[in-house]
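Colleague: For reference, the structure I am asking about is given below.
Nothing in this text is a laboratory measurement; each read-out follows from the coordinates by a stated rule. Quick caveat: nothing in here was measured; it's all calculated off a predicted structure. Neighbour counts are summed over all protein chains in view; Cβ atoms, including those assigned to glycine, are modelled from backbone coordinates with ideal geometry.
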């Protein structure tokens, strides 16, 4: 099967999914319109588009629109929000630290770095956020995939920890991690060096008790950070539900008071 046939099948499959989503939302969509939308969405991975369609079925009120699908597709591209991006950029400004960042973070930090060197952290953050928002919007409009790269710091031990964490979080693949370690000459010279390479490549690894303990600490930090993020999202969702309930109750009370006043 050639590339053209594969693309045609992909468009047809997405068009069918778009029509089915619209129908599930109580809307009848013209197949030609769905095919046109599918052609535009083919620039993105099919699983991501289908996940966005599923989100639309649960979240969108009213008719399905291209903007509804596209906004959800773009939010699934793995790019950090600007607050998280700034934290990563700020960490990268420390030459000791090894940091994994996206292309947009790296480019936005170029605009913020001169201001940060003057000691104006607030101004640097404003410059960073402005540049980052613009760069992300452009990348998403052009359907450019998210690319992560490693900014190497001076501390060799932190390099290993940062790269191993990036692999575990699936920001970079094992092949890239192995190459970074090779470039740093952190090769299997020692038993722990062999163990680190083995952990990153998925081959047999026998780290020393000290290294095993150190890597376990890293995993605990990463897992704890993920758990905190999950808890924050849960708390926000609960707070939103409570806020919605309180606003509705307040509205009901206001309506009841108005009705009592009219009846007097």
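Colleague: Ranked by Cβ crowding within 10 angstrom, fewest neighbours first, how are 233, 125, 57 ordered?
Modeller: Ascending Cβ contact count within 10 Å gives the list 233, 57, 125.
Colleague: Quick check: from the Cα gyration tensor, does segment 3-75 come out rounded (a/c under 1.5), prolate or oblate?
Modeller: Taking the square roots of the gyration eigenvalues as a ≥ b ≥ c, segment 3-75 is oblate.
Colleague: Follow-up question, since we're still on this one. Quick one: length gained pulling residue 256 to residue 94 fully straight, 0.36 nm per residue minus the C-alpha distance?
Modeller: 52.4 nm
Colleague: Based on the alpha-carbon gyration tensor of segment 79-152 and its eigenvalue square roots a ≥ b ≥ c, which shape applies: rounded if a/c is under 1.5, prolate if not and a/b is larger than b/c, or oblate?
Modeller: Oblate is the answer for segment 79-152, as a/c is 1.5 or above yet b/c matches or exceeds a/b.
Colleague: Using 7 Å Cα-to-Cβ label points, what is the residue 110/residue 39 separation (nm, one decimal)?
Modeller: 3.5 nm
Colleague: At R0 = 22 Å, how high is the FRET efficiency between residue 249 and residue 76 if r is their beta carbon distance? Nearest 0.05 is fine.
Modeller: 0.05
Colleague: Can I ask one more? Full-extension gain between residue 8 and residue 242, please, as 0.36 nm times their residue separation minus the C-alpha to C-alpha distance.
Modeller: Value of the extension gain: 79.5 nm.
Colleague: Return the distance in nm (one decimal) between the two label points of a simple spin-label model at residue 46 and residue 229, each offset 7 Å from Cα along Cα→Cβ.
Modeller: With each label placed 7 Å out from Cα toward Cβ, I get 2.8 nm.
Colleague: Using 0.36 nm per residue of separation minus the Cα-Cα distance, give me the extension gain between residue 67 and residue 130 in nm, one decimal.
Modeller: Once the chain is fully extended between residue 67 and residue 130, it gains 20.4 nm.
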